[in-house]
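Novice: Shown below is the structure under consideration.
The values are calculated or read from the model by the stated rules, or taken from the named source; none is laboratory data. These numbers come from a predicted model, not from an experiment. When we count neighbours, we look across all protein chains shown, and the Cβ atoms used for this are built from the backbone with ideal geometry, even at glycine.
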């Protein structure tokens, strides 16, 4: 027999006696790990699938040539094909087209069509070749055929031989579904056509999206890349596979990491629960541990024992959490898409695979969280002096030691400093650290705050006549606030995080609503299904619309995608009429702006989104150079505007400037302001009657606002779920902590019953203690949550998504959460108390500890 | 066996408990220490057990200066050489009687075979699988005595072992304690207010603020 047997006996004995608390702690850890692991599995699966699908489009190409604009002239292709070192050059035209009957303003509802040269593609990306019917091999080269992936066929409800109608600018194109593809990934909606037929059919003559290159064997990639980059000049980007992966990763990185962080919040709340459960358990067993020390258990042995107890809980909870997380991930993908409601992974249908490395990682995270939660109580158990600890009632001295304000103050100061530091790898790592420190510091200050508040209250009330129950309640909260504050740790963490998230999400929503009002001032917006980089509405169609009856004002917009950095997603160039005298009337500008009268002469002004400042270092007043049309031009940054639609950057300029620089008179969007009294339905009907009316996407601004907010709510749906989970864990914590506390106070209740207090009075006392403490916790949690929301709004969001927002406090929502918390916590305290003062309590006075 | 050499202990300048205390106790003795409340009886036991340190002076147990040992060494010494009986029993509620008694053996990596015999010795035959809430006060103290003696310690310290028991049970427990301590060849020190308890000892010492004095012999019952 060894001390290991003793540890086993003690642990099993403790768990057997307090299985409810052990169960609740296990559940809390399991839920935290499950949420974090499932989010990770879903995000990783979606990202990997999306990345693999993107890579599959390039096949075995070594490099890709792209233009800074989305499309470039095909004259580059014959030049490239002749260069030494290149084995195969494969020209590709890629378009996202609208399908008749599937028209939508959402990009993920468009069909991606690749135009390829079958003979070249066979050498680089054979998977993309079409599979025509037997004996119809020439369908691959036909001008009216299209080959669809199985997912695209399923989505469009077509099969081999059916007709498919797609929009090509203002016209409709009829294509015959000639078959499937050699291979496509599950869920990948993809179509392939002959490149010549595609250029012709979609009016993209002479244009390419990219040229894929397969190098000859033995060619040094690095030196070849250097040489070709110089030859191509600044208009083109030469990228390798790794660059493309980085570009895909950059698209969703901030979203994925923020979601993971949010999932970890649930686990973090669990850490407070572990701390409070372990701390109260150590306080309750203080005499037992002292006895073990007297009998010859060393400090190290006791420390090891208490930590092992916590680690066993952590290990069990983590294993449960991993299994639960896997199940949640599988089920979530049945119900939601891979983007969990966001639009980062359109059309992707990933499969969840058990990832042992991630499982080990999250198991470790669960274990660490438990260890962090259990280390302070374990240290207390090991370093308590046995002789005083053997005496009953010494538990409070434990908590007094923990209530030193200095660690908390240091945490708060460090949190403040971290909010001032820049992002790391473009991620708000220090912002999250600041939030964690703020929470730890705030919660650590809770005992002092509680004692101070109730001491003040008792001082004020000491002349008033108070009954026994009120006297006992106030005395305990004033003189022994520490244990109670520990009980509140979990709920304080989850409540303050819920407040913070509610303020942040509502601030974001209100800001977006306000922003939509600014960016969608017109009554109607008319778009043509975009095909490539072309405007869609030529001068003729613009004239027809402008001369239609019923409009006060008609504005034309031209949008284009530009690549300023090959490793980042494209930015958007928006050319539109902007008020010359006061650009603020047109654009949602921040305060960082040059007044029109102070703009330098002879240089074109542009207004950039906040993301351009963060990602490309565009500063107000600076001159910048980038390509518009076929050449590079110099612009001055005249102001910064908020853009919640494009987190990778956007630039706005006057439409007249754009047309002067490019000669391109086409536009993509028309904004229409209706005459007073003009019926919206009549106007829409009139537009539909135009010769190109059927190809138009007509949207009411009110519908667009509603749709945008709906998308916003859907994107944040998963965050609401995670918030709720954090609160449930917090409430579980209150239940476990209160019941642990009432158990530890069994002797006190027994004595009170002996001196004549009724059960009802004790219950009232417990409910009042719980209610008062929770009310104070709610006030404190609100202040803490508000502070965290400031970090989320002014540090995390700008650093992650490159946008700022105005602060908005959703009072009614916050009051509802507070009330719900107050009622739940008081009821939980009451239930825990009811259990504690059952028949055993009278005996507790006589029993030893 | 036990040497107290000029032991001083004060909790504050105004509250000196032990002043220049000197005494030597022979091996195998069974002594009772009496005295007024607050005179330092329990403090003396804590100092002897190495649970507290004197402000000055030295305490030797079998030649080892326990007050000079660090915490781990003092713990090891306590584990092997000491047995304890408390007024409040301190029986771990989540362990069975058998497990409670076996604790010192486990800590010393010893076999637990003799636990059943010890339970029989203290009158707890067949109660090994019971928990503390299933026992009376006298039975709980029997468990504590069994636990104090199971690993054959050299010194057994008892602090008011019958303070929570009725006179008849107390009598039984005191007899049992004496018998078992003697049977084990251990030295026993019992701190008590009870003359009946003190009467079971070979020697009765009176602790005052001036020192530890042999009082008039008590008749063993």
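Novice: Going by the structure shown, is residue A:822 surrounded by fewer than 19 Cβ atoms within 10 Å (Cβ to Cβ), at pLDDT below 85 and assigned to a helix (DSSP H, G or I)? Can you show your working first?
Specialist: Working: surrounded by fewer than 19 Cβ atoms within 10 Å (Cβ to Cβ): yes; at pLDDT below 85: yes; assigned to a helix (DSSP H, G or I): yes.
The answer is yes for residue A:822.
Novice: Something else about it: Looking at B:85, B:91, which is the one that is crowded, with 20+ Cβ neighbours inside 10 Å and more than 7 Å from chain A (Cβ to nearest Cβ)?
Specialist: Numbers: B:91 fails: more than 7 Å from chain A (Cβ to nearest Cβ).
After applying the criteria, what remains is B:85.
Novice: Let me ask you something else. When residue A:298 is evaluated against the numbered criteria (1) touching a helix residue (DSSP H, G or I) at 6+ places or on another chain (Cβ under 7 Å); (2) in contact (Cβ under 8 Å) with a residue 60 or more places away in the chain, which criterion, by number, is the only one it fails?
Specialist: (2)
Novice: Only one of these conditions is not met by residue A:102: (1) modelled with pLDDT of 80 or more; (2) surrounded by fewer than 22 Cβ atoms within 10 Å (Cβ to Cβ); (3) not in a helix (DSSP H, G or I). Which number is it?
Specialist: (1)
Novice: Looking only at the stretch A:637-647, decide whether some residue is more than 30 Å from residue A:806 (Cα to Cα) and surrounded by fewer than 17 Cβ atoms within 10 Å (Cβ to Cβ). If you could, list the steps in order and put the result at the bottom.
Specialist: Initially, the stretch A:637-647 is screened for residues more than 30 Å from residue A:806 (Cα to Cα), giving none.
No, the conditions are met nowhere in the stretch A:637-647.
Novice: Which residue, of A:560, A:542, is modelled with pLDDT of 80 or more, closer than 21 Å to residue A:699 by Cβ and under 30 Å from the mean Cα position of the chain (by Cα)? Walk me through it before giving the result.
Specialist: Working: A:542 fails: under 30 Å from the mean Cα position of the chain (by Cα).
So the residue among A:560, A:542 that is modelled with pLDDT of 80 or more, closer than 21 Å to residue A:699 by Cβ and under 30 Å from the mean Cα position of the chain (by Cα) is A:560.
Novice: Can you say whether residue B:143 is assigned to a strand (DSSP E or B) and within 20 Å of residue A:292 (Cβ to Cβ), as far as the supplied structure shows?
Specialist: Working: assigned to a strand (DSSP E or B): no; within 20 Å of residue A:292 (Cβ to Cβ): yes.
Answer is no for this residue.
Novice: For the stretch B:94-109, give me the residue count where each residue is more than 7 Å from every other protein chain (Cβ to nearest Cβ) and in a loop (DSSP other than H, G, I, E, B). So that I can check it myself, show each step before the final result.
Specialist: Taking the stretch B:94-109 first, the residues more than 7 Å from every other protein chain (Cβ to nearest Cβ) are B:96-98, B:100-102, B:108.
From what is left, the residues that are in a loop (DSSP other than H, G, I, E, B) are B:96, B:108.
Number of matching residues: 2.
Novice: Any residue in the stretch A:270-286 that is at pLDDT 70 or above, surrounded by 24 or more Cβ atoms within 10 Å (Cβ to Cβ), touching a strand residue (DSSP E or B) at 6+ places or on another chain (Cβ under 9 Å) and within 12 Å of chain B (Cβ to nearest Cβ)?
Specialist: No, because not a single residue in the stretch A:270-286 is at pLDDT 70 or above, surrounded by 24 or more Cβ atoms within 10 Å (Cβ to Cβ), touching a strand residue (DSSP E or B) at 6+ places or on another chain (Cβ under 9 Å) and within 12 Å of chain B (Cβ to nearest Cβ).
Novice: How many of the residues making up the stretch A:126-141 are surrounded by 12 or more Cβ atoms within 10 Å (Cβ to Cβ) and touching a helix residue (DSSP H, G or I) at 6+ places or on another chain (Cβ under 8 Å)?
Specialist: 7
Novice: Within the stretch A:669-683, can you find the residues that are surrounded by fewer than 18 Cβ atoms within 10 Å (Cβ to Cβ) and part of a helix (DSSP H, G or I)? First the steps, then the outcome.
Specialist: Taking the stretch A:669-683 first, the residues surrounded by fewer than 18 Cβ atoms within 10 Å (Cβ to Cβ) are A:673-682.
A:680, A:681, A:682, listed by residue number.
Novice: From A:718, A:734, which residue is closer than 26 Å to residue A:23 by Cβ, buried (at least 16 other Cβ atoms within 10 Å of the Cβ), at pLDDT below 70 and not assigned by TED's automatic domain parsing to the domain that holds residue A:26? Break it down into steps so the answer makes sense when it comes.
Specialist: Numbers: A:718 fails: closer than 26 Å to residue A:23 by Cβ.
Result: A:734 is the single residue among A:718, A:734 that is closer than 26 Å to residue A:23 by Cβ, buried (at least 16 other Cβ atoms within 10 Å of the Cβ), at pLDDT below 70 and not assigned by TED's automatic domain parsing to the domain that holds residue A:26.
Novice: Please go through the stretch A:651-668 and give me each residue that is surrounded by fewer than 22 Cβ atoms within 10 Å (Cβ to Cβ) and touching a residue at least 60 places away in the same chain (Cβ under 8 Å), ordered by number. Please lay out each step first, then the result.
Specialist: The initial filter retains those residues of the stretch A:651-668 that are surrounded by fewer than 22 Cβ atoms within 10 Å (Cβ to Cβ), namely A:654-657, A:659-666, A:668.
Scanning the stretch A:651-668 gives A:654, A:655, A:656, A:657, A:659, A:664, A:665, A:666, A:668.
Novice: What's the total number of residues in the stretch A:146-186 that are farther than 20 Å from residue A:200 by Cβ and either part of a loop (DSSP other than H, G, I, E, B) or touching a residue at least 24 places away in the same chain (Cβ under 8 Å) (or both)?
Specialist: Step one: of the stretch A:146-186, the residues farther than 20 Å from residue A:200 by Cβ are A:149-162, A:179-186.
Those left that are additionally either part of a loop (DSSP other than H, G, I, E, B) or touching a residue at least 24 places away in the same chain (Cβ under 8 Å) (or both): A:149-153, A:155-162, A:179-186.
Number of matching residues: 21.
Novice: Out of curiosity, is residue B:157 part of a strand (DSSP E or B), out of contact with any helix residue (DSSP H, G or I) (no Cβ under 7 Å at 6 or more places or on another chain) and touching a residue at least 24 places away in the same chain (Cβ under 8 Å)? Don't jump to the end; show me each part of the working.
Specialist: Values: part of a strand (DSSP E or B): yes; out of contact with any helix residue (DSSP H, G or I) (no Cβ under 7 Å at 6 or more places or on another chain): no; touching a residue at least 24 places away in the same chain (Cβ under 8 Å): yes.
No, not satisfied.
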